[in-house]
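The structure under discussion appears below in the form of structure tokens.
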Amino acid sequence: MQQGYAAVLCVLAVLGLEAAAPSECELTRLLQDKLQYEMRLQYMKHYFPIDYTVQVQYEEVLRPSNITRLRNGTVSEAALRYLWFHISSQAVLRIREVLPEKHPSWKYTQELCQLFDALGKEYSKYQQTDVEAVVADLVKLVHSAGIESRRKAVRPKALLDNCLKVMRMLYGVPCHWEST
């Protein structure tokens, strides 16, 4: 292992931040580029009717405050990234479900789905038993679209805004992103 990389891992361990894999950083950097404000505004607001909302489960809305609360509850950074991946990829799928193939936002959401699929390969090594119970329970809730689940109307752009904000919180330091 290179000495510089070992030092970074040591610092991250002291800070309580588990290092993200280099391929995770590459993929989330591409995702960050795809989630630029102008693109989110164009594809998720301007191409939708005014005040258009998507019905999502209450648990499918992941905000920075949720991450802060989970961090304070001593949930590991790796588990938080695992949770972010599952909730954000599900949010993109929810948006895509309401779009006809000829919709101007279809290709954009398709590209986001492809990036999440690639990121999913990175997270396939995780098992729900490897993460804290609270995170595993949330992931189960997100993937079980039961009738009894609480629903919430959310604007498509708001879902992607939250996706980006939380991604920056979770990957900014371990992936050495500059503040944006």
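The values are calculated or read from the model by the stated rules, or taken from the named source; none is laboratory data. Remember, predicted model here, so these are calculated numbers, not experimental data. So basically every Cβ, Gly included, is an ideal-geometry build from the backbone, and we count neighbours across all protein chains shown. Each accessible area value is taken on the protein alone, full model and side chains, heavy atoms only, with ligands, DNA and RNA left out. Shrake-Rupley method; radii C 1.70, N 1.55, O 1.52, S 1.80 Å.
Of all positions in region 124-145, none carries a residue that is modelled with pLDDT of 85 or more and aliphatic (A, V, I, L, M).
Could you list, in sequence order, the residues of region 55-94 that are among the basic types (Lys, Arg) and open to solvent by 10 Å² or more (accessible area, probe 1.4 Å)?
Scanning region 55-94 gives ARG63, ARG69, ARG71, ARG94.
Taking the listed residues ALA20, ALA91, the one that is in a helix (DSSP H, G or I) and either at pLDDT below 95 or of a type in the set (Asp, Glu) (or both) is ALA91, with no other qualifying.
So which residues in region 22-77 are over 30 Å from ASP137 (Cα atoms) and polar (S, T, N, Q)?
Step one: list which residues in region 22-77 are over 30 Å from ASP137 (Cα atoms), which gives 33, 36-39, 41-43, 45-51.
Once the filter is applied, which keeps residues that are over 30 Å from ASP137 (Cα atoms) and polar (S, T, N, Q), region 22-77 yields GLN36, GLN42.
Among the residues of region 39-54, those identified as in a loop (DSSP other than H, G, I, E, B), among the hydroxyl-bearing types (Ser, Thr, Tyr) and open to solvent by less than 80 Å² (accessible area, probe 1.4 Å) are TYR52, THR53. Restricting attention to region 79-96, the residues that are touching a residue at least 40 places away in the same chain (Cβ under 8 Å) and over 12 Å from LEU62 (Cα atoms) add up to 5. Among the numbered conditions (1) without any contact (Cβ under 8 Å) to a residue 60 or more places away in the chain; (2) of a type outside the set (A, V, I, L, M); (3) surrounded by 14 or more Cβ atoms within 10 Å (Cβ to Cβ), the only one that LYS157 does not meet is (1).
The single condition among (1) modelled with pLDDT under 80; (2) open to solvent by 100 Å² or more (accessible area, probe 1.4 Å) that LYS121 does not satisfy is (1).
Conditions (1) under 17 Å from GLN32 (Cβ atoms); (2) in contact (Cβ under 8 Å) with a residue 40 or more places away in the chain; (3) open to solvent by less than 60 Å² (accessible area, probe 1.4 Å), marked per residue:
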| site | (1), (2), (3) |
| --- | --- |
| LYS102 | no, no, no |
| VAL134 | no, yes, no |
| LEU138 | no, yes, yes |
| MET167 | yes, yes, yes |
| CYS175 | yes, yes, yes |
